[in-house]
């Protein structure tokens, strides 16, 4: 079964394992594209991009907390 992005679930699973385990900590918080660590859009490496990233993470955590109580599961304190 292919997703809208054109990858099978198997390929997606392999990409996840590659990013988490094979690439190690250097890939954490980074974009892995085509089996390579990618820095992503140049804006994300600017001060403005870091602010956007922090806001997006905060909003995502708020929503996940609202629907699934994810903070307690992850052991994350509310900021």
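The values are calculated or read from the model by the stated rules, or taken from the named source; none is laboratory data. Since we're looking at a predicted model, the values are computed, not measured. No Cβ is skipped: glycine too gets one built from the backbone with ideal geometry, and neighbour counts run over all protein chains shown.
Below is a table of values for the structure above.
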| read-out | value |
| --- | --- |
| Pairs, first free of Cβ contacts under 8 Å to residues at least 12 places away in the same chain in segment 35-49, second part of a strand (DSSP E or B), C-beta under 8 Å, six or more apart | 38/31; 38/32; 39/31; 40/31 |
| Pairs where the first residue, in segment 1-26, is within 17 Å of residue 38 (Cα to Cα) and the second is at pLDDT below 85, C-beta under 6 Å, 6+ apart | 19/27; 19/32 |
| Enumeration of residues in segment 22-61 that are exposed (fewer than 13 other Cβ atoms within 10 Å of the Cβ), at pLDDT 85 or above and under 17 Å from residue 76 (Cα atoms) | 54, 55, 56, 57, 58, 59, 60 |
| Any hit, segment 28-43, residues being in a helix (DSSP H, G or I), under 22 Å from residue 13 (Cβ atoms) and assigned by TED's automatic domain parsing to the domain that holds residue 7 | no |
| Test result for residue 69, modelled with pLDDT of 80 or more, under 14 Å from the mean Cα position of the chain (by Cα) and on the phi > 0 side of the Ramachandran plot | no |
| Any chance residue 64 is surrounded by 11 or more Cβ atoms within 10 Å (Cβ to Cβ), closer than 27 Å to residue 14 by Cα and at pLDDT 80 or above | yes |
| Hey, residue 19 surrounded by 11 or more Cβ atoms within 10 Å (Cβ to Cβ), at pLDDT 85 or above and outside any loop (DSSP other than H, G, I, E, B) or not | no |
| Scope segment 4-16; condition over 13 Å from the mean Cα position of the chain (by Cα) and outside any loop (DSSP other than H, G, I, E, B); matching residues | 8, 9, 10, 11, 12, 13, 14 |
